[in-house]
Amino acid sequence: MKLLEYDIAPEVRAFSTTREGGFSEGNYGSFNANSYCGDNIEAVRKNRQLLADELGISKENLIFTHQIHSTSIRLVNDNFLKMNNAERSNMLEGVDALITDKPGVCLCISTADCVPIILYDTKLHVAACVHAGWRGTLQRIAETAVELMAKNYACQPENLKAVLGPSISLESFEVGDEVFNFFQEAGFDIDKIARHYLASEEQLRWHIDLWECNRLQLLSQGVQEENIHISGICTYKHSDQFFSARKLGIKSGRIITGVMLK
């Protein structure tokens, strides 16, 4: 398997998976570790074992959620880690972000055009992994994650480092008027996050910049501009290396973006 790794700090492992080096086939090929997108479950199991081995942890310490484009965030704390598999599964249903201060567990978010966000407090050794699709971005899940890190772990935004992983770019993310209006009505600065592009039928179409939407949210919470890293990799343009639901269809694999405290 091949990982895109982020050099956040020596005491943390942060990455996004590529499509290479797994057991899945077709539009799931070859590395897909998401069990909710229609892939062969045995291939998913083997791929998760590959990832766990790469990280040097047990497969049970890969924490996956069932994401539904909500703003629900779960703390991976001592109480959570004491739960059995069934209890954990129940707690992770409908969850789109995870926060922990526990070493040796990997917080995992699945995406295929949506924006995966890693947050790490360099002073208090606390990490978060966030799934920000356009719906989550609209509902400001990145802001909520920073607020919960402060509320539950006393994290200060100026000590946070942030990474926005591979996801769909402004140029590739065409939206209808309805979605554009959602962002406008939610108070986003349209001049900064939206642009017209000429479509194939010679009509202007709105495009939304999810990278900038989430960057502005982090800045609004006090994260320092120099501490926000955007990978700049468009999944739609690079669907040969990274999964893109818009390019491949929803019956395709997912990128796993993860963060693990050492």
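The values are calculated or read from the model by the stated rules, or taken from the named source; none is laboratory data. Computed from a predicted model, the values in this text were never measured in an experiment. Cβ coordinates were reconstructed from backbone atoms using ideal geometry, including for glycine residues, and neighbour counts include every protein chain displayed.
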>> Anything in the range 18-32 that is surrounded by 20 or more Cβ atoms within 10 Å (Cβ to Cβ) and either without any contact (Cβ under 8 Å) to a residue 12 or more places away in the chain or touching a Gly at 6+ places or on another chain (Cβ under 8 Å) (or both)? List them, or say none.
In response: Arg19, Gly22, Ser24, Asn27, Tyr28, Phe31, Asn32
> Any idea which of (1) closer than 18 Å to Arg140 by Cβ; (2) free of Cβ contacts under 8 Å to residues at least 40 places away in the same chain; (3) surrounded by 19 or more Cβ atoms within 10 Å (Cβ to Cβ) is the one Leu218 doesn't satisfy?
Replying inline: (2)
> Assuming Ala52 fulfils every condition listed in (1) without any contact (Cβ under 8 Å) to a residue 60 or more places away in the chain; (2) in a helix (DSSP H, G or I); (3) buried (at least 20 other Cβ atoms within 10 Å of the Cβ) apart from one, which condition is it?
Replying inline: (3)
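So that you can scan it fast, the table gives a plain yes or no per residue for (1) surrounded by 17 or more Cβ atoms within 10 Å (Cβ to Cβ); (2) in contact (Cβ under 8 Å) with a residue 40 or more places away in the chain; (3) under 23 Å from the mean Cα position of the chain (by Cα):
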{"site": "Leu164", "(1), (2), (3)": "yes, yes, yes"}
{"site": "Glu171", "(1), (2), (3)": "no, yes, yes"}
{"site": "Asp191", "(1), (2), (3)": "no, no, no"}
{"site": "Glu202", "(1), (2), (3)": "no, no, no"}
{"site": "Trp206", "(1), (2), (3)": "yes, no, no"}
{"site": "Trp211", "(1), (2), (3)": "yes, yes, yes"}
> Does the range 12-38 hold any residues that are assigned to a loop (DSSP other than H, G, I, E, B) and under 24 Å from Ala127 (Cα atoms), and which are they?
Replying inline: Thr18, Asn32, Ala33, Asn34, Ser35
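Could you check, for the range 115-132, whether at least one of its residues is among the hydroxyl-bearing types (Ser, Thr, Tyr) and either surrounded by 19 or more Cβ atoms within 10 Å (Cβ to Cβ) or out of contact with any strand residue (DSSP E or B) (no Cβ under 8 Å at 6 or more places or on another chain) (or both)?
Initially, the range 115-132 is screened for residues among the hydroxyl-bearing types (Ser, Thr, Tyr), giving 120, 122.
Retained after the next criterion (residues that are either surrounded by 19 or more Cβ atoms within 10 Å (Cβ to Cβ) or out of contact with any strand residue (DSSP E or B) (no Cβ under 8 Å at 6 or more places or on another chain) (or both)): 120.
Yes, the range 115-132 contains a residue that is among the hydroxyl-bearing types (Ser, Thr, Tyr) and either surrounded by 19 or more Cβ atoms within 10 Å (Cβ to Cβ) or out of contact with any strand residue (DSSP E or B) (no Cβ under 8 Å at 6 or more places or on another chain) (or both).
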>> For a quick check of your reading of the model, give me the residue pairs whose first member lies in the range 1-17 and is touching a residue at least 40 places away in the same chain (Cβ under 8 Å), whose second is in a strand (DSSP E or B) and among the acidic types (Asp, Glu), with beta-carbon atoms closer than 8 Å and at least 6 apart or on different chains.
In response: Arg13/Glu5; Ala14/Glu5; Phe15/Glu5
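Are any of the residues in the range 82-95 hydrophobic (A, V, I, L, M, F, W, C) and within 16 Å of Leu261 (Cα to Cα)? Working first, answer last.
Within the range 82-95, the subset hydrophobic (A, V, I, L, M, F, W, C) is 83, 86, 91-92, 95.
Next cut, within 16 Å of Leu261 (Cα to Cα) only: none.
No, the conditions are met nowhere in the range 82-95.
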> Which of the residues spanning the range 125-146 are closer than 12 Å to Leu98 by Cα and hydroxyl-bearing (Ser, Thr, Tyr)?
Replying inline: Thr144
>> Going by what's in this entry, would Ala128 be described as outside any loop (DSSP other than H, G, I, E, B), at pLDDT 95 or above and within 30 Å of Gln217 (Cα to Cα)?
In response: yes
> Are any residues in the range 38-49 of a type outside the set (S, T, N, Q), surrounded by fewer than 20 Cβ atoms within 10 Å (Cβ to Cβ) and touching a Lys or Arg at 6+ places or on another chain (Cβ under 9 Å), and if so, which ones?
Replying inline: Gly38, Arg45
